[in-house]
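Following: one structure in structure tokens, then a few remarks.
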Amino acid sequence: VQLQASGGGLVQAGDSLRLSCAASGRTFSSYAVGWFRLGPGKEREFVAAISRSGGTTYYADSVKGRFTISRDNAKSTFYLQMNSLKPEDTALYYCAATTQAMGGTRQHNYNYWGQGTLVTVSS
């Protein structure tokens, strides 16, 4: 599967942004998917994950209650709705997919990665 992330941009603290990741190739519903991010001076970290069916989601503690991951299998696309953005959310956001039923928080569980989309949150 090929993944194409989009939707990043420059916003102010408190604003909202929605990232999208479009998948092409094999049947999208065969993949669990997730979002990771690489902030300045940090290692890439888990943000959110959703199972193949969309019935199970996981979030990093740092984004819980502010971010929502969702998927539209009919459109072969998944999303990350980010609300109440903070400057510490500034990062390159990557979408990822795995053939496992749920990829979870570990990067090595994911076989496929999209290019990053940059989110910059100004204070």
Translational diffusion coefficient, Stokes-Einstein: compute it for the chain using the Kirkwood radius over C-alpha pairs as Rh, at 25 °C and 0.890 mPa s, and state it as an integer in µm² s⁻¹. 175
Straight-line reach from Lys86: which lysines have Cα under 21 Å away, leaving out those fewer than 8 places along the same chain? Lys42, Lys64
Output the peptides 108-114, 28-34 sorted from most to least packed, where packing is the average of other Cβ atoms within 10 Å over each peptide's residues. 28-34, 108-114
Rounded to a whole number, what % of the accessible area of the chain do carbon and sulfur atoms account for, probe 1.4 Å? 45
Phi-based couplings in Hz for the range 34-45 (Karplus 6.51, -1.76, 1.60; Gly and Pro marked x): x, 10, 10, 9, 10, x, x, x, 10, 8, 5, 10
Determine the per residue accessible area of the chain with all protein chains present and a 1.4 angstrom probe, expressed in square angstrom. 48
Within the chain: Cβ-based charge dipole about Cα centre, in debye rounded to nearest 20 (Lys, Arg +1; Asp, Glu -1): 260
Quick one: how many Å² of Arg44 are accessible to a 1.4 Å probe, rounded to 10? 80
When only Cα pairs under 8 Å and 6 or more residues apart are kept, what is the percent relative contact order across the range 4-123? 36
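The values are calculated or read from the model by the stated rules, or taken from the named source; none is laboratory data. Not measured: the values here are computed from a predicted model. So basically every Cβ, Gly included, is an ideal-geometry build from the backbone, and we count neighbours across all protein chains shown. SASA here: full protein model, heavy atoms, side chains in, ligands and nucleic acids out. Shrake-Rupley method; radii C 1.70, N 1.55, O 1.52, S 1.80 Å.
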